[in-house]
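For reference, the structure is listed below as structure tokens.
The values are calculated or read from the model by the stated rules, or taken from the named source; none is laboratory data. Note that the structure is a prediction, hence the values are computed from the model and not measured. Every residue, glycine as well, gets a Cβ built from its backbone with ideal geometry; the counts of neighbours run over all protein chains shown.
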Amino acid sequence: MDYRLPLGMSIGFCGEDFYENLAEAEKNGFEYIDFDIASSWRRPEMEEKYYRDLEKGIAAVRDAGLKINAVHLSFGKKWDPADKWPHRRKKAVDRLVEIIRRLDPHGPFLYVLHGSFEPIGKLTRERRKKNLLVSLKTLCAATRNTICLEILPRTCLLNTSAEAIEILDRANQKNLKICLDTNHFLQEKTEDAILALAGRIATTHVSDHDYRDERHLLPGEGKIDWNAVLAALEKTGYQGVFNYELKHPRIAEAKANYEQLFGEYNKNKRACGVILREYTAMI
């Protein structure tokens, strides 16, 4: 049986092309959208303007004939749930809870959360993990929906599959899962991480990189083995959204890329099945 996943695209709400991107996604056959409200973190002067209209943005996604897979919550220095300073951490968590409570009635959907900002040194890493665990208790209690901690690169928390599993196990929250960002694994192969995270992945951010840093390239433009990634997702029983998160939306290209990735994967899988059956018949 062929393996296919629902097709999604991360679209930033905090930009002038939001509504045009929604229309293009619907036109190209996308089913789901990640409603990204984090894209204003580099433009804090615009943040309050867009936050006043969050409900309007949610309605626009549905009016365009699309479904919301996840809301990508804000991240950055002033949104850090693992911040070393208690007063800053409390302010960040309070703001995240406020947004969650505003949007929760418009669900169900997932929330994607960055577990930390960076840099984080080796000597302070355990303390920052403990800070995150305290914050997660509050955040998970604030919603009926699932919060997905995103796999992050470099020195951020959850920068390996092992650390992601550790934090989920220590948090012990029923509505806490993982957002698998395929281009954030810098210390292990993406397909190996998927196998390690089996059963914990609730959604994805799909893009390519060079295993040196995050790049958010279209799959095939970097060094990830996409046949191996799809095989790992299928083996672990993942049935969630295959959600593209690219440096620029590239919506039509992403749809063509999706068809190519799954077409080649299923073609190879069928060919392997024929060879196996022929070999079995010979012995």
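For Thr190, indicate whether it is over 28 Å from Arg95 (Cα atoms) and among the polar types (S, T, N, Q). Let's see the steps before the verdict.
Working: over 28 Å from Arg95 (Cα atoms): yes; among the polar types (S, T, N, Q): yes.
It is true that Thr190 is over 28 Å from Arg95 (Cα atoms) and among the polar types (S, T, N, Q).
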Could you pull out every one of the strands (runs of 3 or more DSSP E) wholly within the range 1-118 that has 1 or more residues that are basic (Lys, Arg)? 67-72
Restricting attention to the range 104-117, which residues are over 18 Å from the mean Cα position of the chain (by Cα) and either over 24 Å from Tyr244 (Cβ atoms) or aliphatic (A, V, I, L, M) (or both)? Asp104, Pro105
Among the residues listed as Glu188, Glu221, the single one being touching an Asp or Glu at 6+ places or on another chain (Cβ under 8 Å), surrounded by fewer than 16 Cβ atoms within 10 Å (Cβ to Cβ), of a type in the set (Asp, Glu) and not in a strand (DSSP E or B): Glu221
Contact list, first residue from the range 186-215 and aromatic (Phe, Trp, Tyr), second anywhere and surrounded by fewer than 18 Cβ atoms within 10 Å (Cβ to Cβ), beta-carbon distance below 6 Å, six or more apart or interchain, is Tyr211/Lys223
Tally time: how many residues in the range 133-176 are assigned to a strand (DSSP E or B) and without any contact (Cβ under 8 Å) to a residue 40 or more places away in the chain? 2
For Ile37, all conditions in the list (1) aliphatic (A, V, I, L, M); (2) within 22 Å of Leu246 (Cα to Cα); (3) buried (at least 18 other Cβ atoms within 10 Å of the Cβ); (4) at pLDDT 95 or above hold save one; what is the number of the exception? (4)
Breaking point among (1) out of contact with any Leu (no Cβ under 6 Å at 6 or more places or on another chain); (2) under 15 Å from Asp181 (Cβ atoms); (3) modelled with pLDDT of 95 or more; (4) not in a helix (DSSP H, G or I), for Lys247: (3)
When residues of the range 51-69 are limited to those that are closer than 20 Å to Asp94 by Cα and out of contact with any helix residue (DSSP H, G or I) (no Cβ under 8 Å at 6 or more places or on another chain), the one modelled with the lowest pLDDT: Arg52
Test Arg144 against the criterion of being among the charged types (D, E, K, R) and out of contact with any strand residue (DSSP E or B) (no Cβ under 9 Å at 6 or more places or on another chain), and give yes or no. yes
Which pairs do you get when a residue that is over 12 Å from Ser207 (Cβ atoms), found in the range 251-264, comes within reach of a residue that is small (Gly, Ala, Ser) and in a helix (DSSP H, G or I), reach meaning Cβ atoms under 7 angstrom, with the pair 6+ apart or on two chains? Ile251/Ala25
Can you name every residue in the range 1-34 that is among the aliphatic types (A, V, I, L, M) and either surrounded by fewer than 18 Cβ atoms within 10 Å (Cβ to Cβ) or free of Cβ contacts under 8 Å to residues at least 24 places away in the same chain (or both)? Met1, Ala23
Going residue by residue through the range 148-163, is there one that turns out to be more than 22 Å from Glu214 (Cα to Cα) and either surrounded by fewer than 20 Cβ atoms within 10 Å (Cβ to Cβ) or at pLDDT 95 or above (or both)? no
